[in-house]
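Only one structure is covered here, and it is reproduced in the block below.
Computed from the coordinates by the stated procedures, all read-outs in this text should not be read as laboratory data. Predicted model, so just to flag it, every value in this text is computed and none were measured. Methodologically, a virtual Cβ is constructed for each residue, glycine included, from the backbone with ideal geometry; neighbour enumeration extends over all protein chains shown.
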Amino acid sequence: MIEFINVTKHYPGRHHVLRELNLKLPTGQMALLTGPSGAGKSTLLKLLLRLEDVSHGTLMVNGVDVSTLKKRHIPAYRRRIGVVFQDHKLLMDRDVFNNVALTLQVSGVSGKQIQSRVRAALEKVGLGNRIHNLPATLSGGEQQRVGIARAIVHTPEILLADEPTGNLDGSLSTEILDLFRDFHQHGTTVLVATHDQSQVERLGLPVFHLEQGMLQNSKEKSA
Amino acid sequence: MSALHIRREAAQNALNTLLKQPLATLMTIFALAIVLALPVGLFAALNNLQQLLGQWRDQAQISLFIHQDATEQDIQQLQKQLQGSTGVVNVRYVGKEAALKTFEKNAGMTAAIKILGENPLPASFIVELNPLSESPAALQAQVQKWARQPGVASAQSDLHWVARLQAILALGKRAVWILAIMLAVGAILVMGNTIRLHIAQRRDEIDIASLVGATRAFIRRPFLYQGLIQGAIAGILAWIIIAITIAILQGPVDRLATLYGTRFQLLGLTGLEGLILIIISAILGWLGSRLAVGQHLDHTFS
């Protein structure tokens, strides 16, 4: 369960990025986070990853009070989450295998397990035959799928994605978002930030719509 | 998270990074080795100087003049005591007759002594000391103690030069220590700067690792191993540099010693000293890395 309780985020000398936000995403559900640029979508995801601190309010994630989490506990908390970025954030000097393996290496998983789990994750995203390719030799959609494999290889409780289809064309966007829906169907809580209205309508998922840091008419549909 | 395989992977990661840029790695190692070889070489030179000065025992002689009434037993006891004392290299007994012969030979006063009718010169012990075995005050105290022994009439010594010699050596040691500390800081800075460049090159990797839940220790470890490995290799290289320098200097030292009718073997580092050098060097490398990576993580790690 992800729960924002009266969460405010502001930066010194700047306007409030999030104001008195109340949002609840039950465990195992998938939702979309929409809104125009600057609405606070990325900030909300950063708070969830504890890349930023909550200014006021409480943020609970699966029983953990993220807003008061001590610095030394942040890495262990992040290992429970998978995250996908618009710009993929891949290591260009490492092949696909080693990009995905990084998530397991930081968790102290042994070499043998890394081999099997990375291969399985890459099969899931349809890149089983690209395991030794460098990211630069892959298309944008393939690079994003490497990012997704890296985010799901450790079977996280929660999967977050910040505009994962932002740089992709229509059919590739559909492929990628369908991948997220597959993971959600296996029990992962998924929150995807997107501004792609056609995909929002196609997927028919619950939507949290942000405008100027405030939650607007959120749409509660069952996935 | 502290399993052996994580450390092994971090070490492998560190080695790969170093081998990817062999020239830069070698330059760092050489720079560190030279920085380390300088003070350690100076320490070795001081050790050799001490060894050389320790051989100047004839310059630290003390004469203990025996009382005319001293018994044979007094003399034997005194000799035993002198031979068992700290810093005594040699004890030589000069009897009355031997003293007279030496006096006649050196001073040419045979006629004057014959007028006296009897031998006025006392028997004595000539004690040769290692001038660096004790502090000048301790040596002086020892001489005074001997002078109070039964059978001893008086003692004659010139320990001022020992005090001067030891003061010069103490000054040299202090100067080398200061230089060593300054160069150790230099070594840490060299390593810190090198690691800072590696961090800059791997910033993306650090950021992404942090996003997927890497701990500070996980991120820091490969960099610390890089510092440790480079430091240890630099220590070995510094040892080799010192050994080569000593081998090169041994020839001229041999020729110089021959001119003075003596022999002198230059001392390098012992196995234990070499090992300590490698350990200290590895620690300095580790410390430089730790400072650089710690500073970076303090500013960026969240």
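Descriptive notes on the structure:
- Put in line by how crowded their Cβ is, counting other Cβ atoms within 10 Å and starting with the fewest, B:M191, A:M60 read A:M60, B:M191.
- The distance separating the Cα centre of segment B:38-106 from that of segment A:14-74 comes to 86 Å.
- Considering only alpha-carbon pairs that sit under 8 angstrom and 6 or more positions apart, the relative contact order computed for segment B:234-284 is 57 percent.
- Computed over segment B:89-181, the Cα gyration tensor eigenvalues convert (square root of 5λ each) into semi-axes of 39, 16, 10 Å, ordered from largest to smallest.
- For the options B:G95, B:G227, B:G268, a Gaussian network treatment of chain B with springs between C-alpha atoms closer than 10 Å singles out B:G95 as fluctuating the most.
- For the peptide B:212-224, the mean number of other protein chain Cβ atoms found within 10 angstrom of a residue's Cβ is 5.
- More than 18 angstrom apart: percent of Cα pairs within segment B:143-302: 74
- In chain A, excluding the sites themselves, the longest stretch lacking any of the trypsin sites (Lys or Arg not before Pro) that are in a DSSP loop with at most 16 other Cβ atoms within 10 Å is A:95-220.
- Backbone HN-Hα couplings from phi across segment B:72-89 [Karplus 6.51/-1.76/1.60, Hz, Gly and Pro as x]: 4, 5, 4, 5, 5, 5, 4, 4, 4, 5, 5, 5, x, 7, 5, x, 7, 8
- GNM on chain A, alpha-carbon springs under 10 angstrom: the most fluctuating residue among A:T194, A:T165, A:T137 is A:T137.
- Over chain B, all Cα pairs binned in 10 Å intervals from 0 give whole-percent P(r) values of 6, 19, 19, 15, 12, 11, 8, 6, 3, 1, 0, listed from short to long.
- Using the empirical formula 2.2 N^0.38 Å as the baseline, the Cα radius of gyration of the protein assembly as shown reaches a ratio of 1.68.
- Between A:T8 and A:E20, A:L21, A:S55, A:H56, A:G57, the built amide H atoms are under 5 Å apart, and every one of these is 5 or more places off in sequence or on another chain.
- GNM flexibility winner over chain B from B:L287, B:L267, B:L100 (Cα, springs under 10 Å): B:L100
- Rounded to the nearest whole Hz, the Karplus-based 3J(HN,Hα) values (6.51 cos²θ - 1.76 cosθ + 1.60, θ = phi - 60°) of segment A:16-31 follow the sequence 6, 7, 10, 10, 6, 7, 10, 8, 9, 10, x, 4, x, 8, 10, 9, with x at glycine and proline.
- Site pair A:N129 and B:Q295 shows an inter-label distance of 5.1 nm when each label is modelled 7 Å from Cα along Cα→Cβ.
- Considered as an equivalent ellipsoid built on the Cα gyration tensor, segment A:107-195 has semi-axes of 21, 17, 10 Å, the largest given first.
- Each Lys and Arg adds +1 at its Cβ and each Asp and Glu adds -1 at its Cβ; summed about the Cα centre, the protein assembly as shown shows a dipole of about 260 debye.
- Footprinting exposure proxy for A:I114, B:I115 (fewest neighbouring C-beta atoms within 10 Å first): B:I115, A:I114
- Sorted fewest first by neighbouring Cβ atoms within 10 angstrom, B:V212, B:V91 come out as B:V91, B:V212.
- Net charge of neighbours whose Cβ lies under 11 Å from the Cβ of B:Q201, counting Lys and Arg as +1 and Asp and Glu as -1: +1
- Computed Kirkwood radius, in angstrom, where 1/r is averaged over Cα pairs of segment A:14-165: 16.7
- Set of lysines with alpha-carbon distance to B:K105 below 22 Å, sequence-local pairs under 8 removed: B:K96, B:K114
- Straight-distance candidates among the lysines for linking to A:K24, with alpha-carbon spacing under 27 Å and chain neighbours fewer than 8 residues away dropped: A:K9, A:K41, A:K46, A:K70, A:K71, A:K219, A:K221.
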